1. Out of 108, 161, 117, I need the residue that is more than 22 Å from residue 294 (Cβ to Cβ), in a helix (DSSP H, G or I) and at pLDDT 95 or above. Which one?
2. Among the residues of region 167-176, are any at pLDDT 70 or above, surrounded by fewer than 19 Cβ atoms within 10 Å (Cβ to Cβ), part of a helix (DSSP H, G or I) and under 23 Å from the mean Cα position of the chain (by Cα)?
3. Being surrounded by fewer than 23 Cβ atoms within 10 Å (Cβ to Cβ) and in contact with a strand residue (DSSP E or B) (Cβ under 6 Å, 6 or more places away or on another chain) is the filter here; which residues of region 60-79 pass it?
4. Any residue in region 348-361 that is within 22 Å of the chain's Cα centre (by Cα) and farther than 22 Å from residue 67 by Cα?
5. Hey, among the residues in region 120-158 that are free of Cβ contacts under 8 Å to residues at least 12 places away in the same chain and part of a helix (DSSP H, G or I), which one's nearest to residue 275 (Cα to Cα)?
6. The conditions are (1) closer than 24 Å to residue 302 by Cβ; (2) in contact with a helix residue (DSSP H, G or I) (Cβ under 6 Å, 6 or more places away or on another chain); (3) within 16 Å of the ligand (Cβ to nearest atom), and residue 379 fails exactly one of them. Which is it?
7. It is to be established whether one or more residues within region 465-474 are within 16 Å of the ligand (Cβ to nearest atom), surrounded by 21 or more Cβ atoms within 10 Å (Cβ to Cβ) and more than 28 Å from residue 24 (Cβ to Cβ).
8. Here is a list: 285, 289, 342, 274. Which entry is more than 19 Å from residue 104 (Cα to Cα) and within 14 Å of the ligand (Cβ to nearest atom)?
Ligand code: HEM
């Protein structure tokens, strides 16, 4: 199997290949131990819900091994039990719609910078990596939500962004299922530790500057309506049992140490949480933005429909759209067709997945009522395999946003078949925020730019596509979606790329 697929493919592609080649059913067991963990792949919506919604199995230890290298101990995405529950309860309010609406105007500012960056790239006519470019935008945006700061990574070379990015090169990758050796490489471990120190130092500086702002404002830390870092500070204040925190140098230093270096701290999880949000909130978004440009480049009629909807909702151009979004952010919820475009990009190219650890007390039940064990298996409800299944998504390999619309010519998508944000209590906490950010990007750039992918002649393919998924932090598009961009619309300069 690994000889038939490029060596850097995401494991999704193995599961899809196995299912297709051997005509496998709603789930299958695949055991390559000792090379990789034995895995139970679930490819039916109701069975996937049995292990995530009806009962929510714990995250598999491999998630911790993988993410701890990057995000620190007890990061929320891999934690289980009370540690996870406490974090989720604490941060849920930061993702409430009402709060998110207050961040929109800052997102608009960042997207306007992205628009300028794309204009410059259009003028230069150079081939660039769409995912890397979108990643800088998503980093800026997540900085607003998590740290309450503009990171300006789109316009300046940023040590923190670079460290986050290069870290992904050193983390164990798709070879998890074909070879255990890369993770034993000492050089790799050294580089991970080095990058980790850089990330800690940069985050430390940001936290310090946040303290300064709060200090100058003489503000009592009320977490309501504040960024995620402020909520962490608020918890620190609550721990001080009613005494107001005095943000003097000594406190700042000790708290930065506590949040950033955390080796002997009693509260080691805050820095991990901050890192987790920065990681989870930029990586998945940049993939989705680049894949939307990619899919629309192959589907001009769909692009046209999306642009027409934007004009009808947001007015004729960027300037009016900015004003409408700033004054009434709820207008974004009217972007029904564009919403369907995002969902379709996420179906065909889901950036993240869940993997759980089976339990002796949890079996799955097939359509005939027969029970099957999960104990000791890595349980993987695979949104990629589900998303490519003709039973749930007719003409599954085609990009058809209409399938989600109320007047769709297709049968309704069964509950649980579309699970790009996963389902149940461990679903994505940032799903609404992510959709909002992507909608602002579409609202302000789609009508002004056309993208044309530029993969090299002879580049490897999966299912006939040069743009396949690799495991690189999350599921990333091969080569970052290289291409050129063309300015279109009323004030476009003539720079055709086709
Ligand atoms: C298109 C964008 C996004 C996609 C497709 C996505 C997808 C997912 C998926 C599939 C999971 C479950 C992972 C697992 O079970 O291992 C997840 C969890 C998570 N996501 Fe997202 N995500 C996106 C955006 C975001 C954003 C913007 C944030 C934060 C600002 C975020 C923060 C998280 C966190 C903290 C978790 C762990 C939740 C928990 O365990 O309770 N995500 N995401």
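1. Values: 161 fails: at pLDDT 95 or above; 117 fails: more than 22 Å from residue 294 (Cβ to Cβ).
Within the list 108, 161, 117, the selection yields 108.
2. Initial filter on region 167-176 (at pLDDT 70 or above): 167-170.
Now narrow it down to the ones that are surrounded by fewer than 19 Cβ atoms within 10 Å (Cβ to Cβ): 168-169.
From what's left, part of a helix (DSSP H, G or I): 168-169.
Imposing the further condition that a residue be under 23 Å from the mean Cα position of the chain (by Cα) reduces the set to 168-169.
Scanning region 167-176, I find at least one residue that is at pLDDT 70 or above, surrounded by fewer than 19 Cβ atoms within 10 Å (Cβ to Cβ), part of a helix (DSSP H, G or I) and under 23 Å from the mean Cα position of the chain (by Cα), so the answer is yes.
3. Of everything in region 60-79, just one residue is surrounded by fewer than 23 Cβ atoms within 10 Å (Cβ to Cβ) and in contact with a strand residue (DSSP E or B) (Cβ under 6 Å, 6 or more places away or on another chain), namely 60.
4. Looking through region 348-361, at least one residue is within 22 Å of the chain's Cα centre (by Cα) and farther than 22 Å from residue 67 by Cα.
5. Residues of region 120-158 that are free of Cβ contacts under 8 Å to residues at least 12 places away in the same chain, as a first pass: 120, 124, 156-157.
Filter once more, keeping what is part of a helix (DSSP H, G or I): 120, 124.
Details: 120: 31, 124: 35 Å.
Per the stated criteria, the residue is 120.
6. Single failed check for residue 379: (1).
7. Yes, region 465-474 contains at least one residue that is within 16 Å of the ligand (Cβ to nearest atom), surrounded by 21 or more Cβ atoms within 10 Å (Cβ to Cβ) and more than 28 Å from residue 24 (Cβ to Cβ).
8. Details: 285 fails: more than 19 Å from residue 104 (Cα to Cα); 289 fails: more than 19 Å from residue 104 (Cα to Cα); 342 fails: more than 19 Å from residue 104 (Cα to Cα).
Within the list 285, 289, 342, 274, the selection yields 274.
The values are calculated or read from the model by the stated rules, or taken from the named source; none is laboratory data. Just so it is clear, the model here is predicted, and its values are computed rather than measured. Here Cβ is always computed from backbone atoms with ideal geometry, including for glycine, and neighbour counts include all displayed protein chains.
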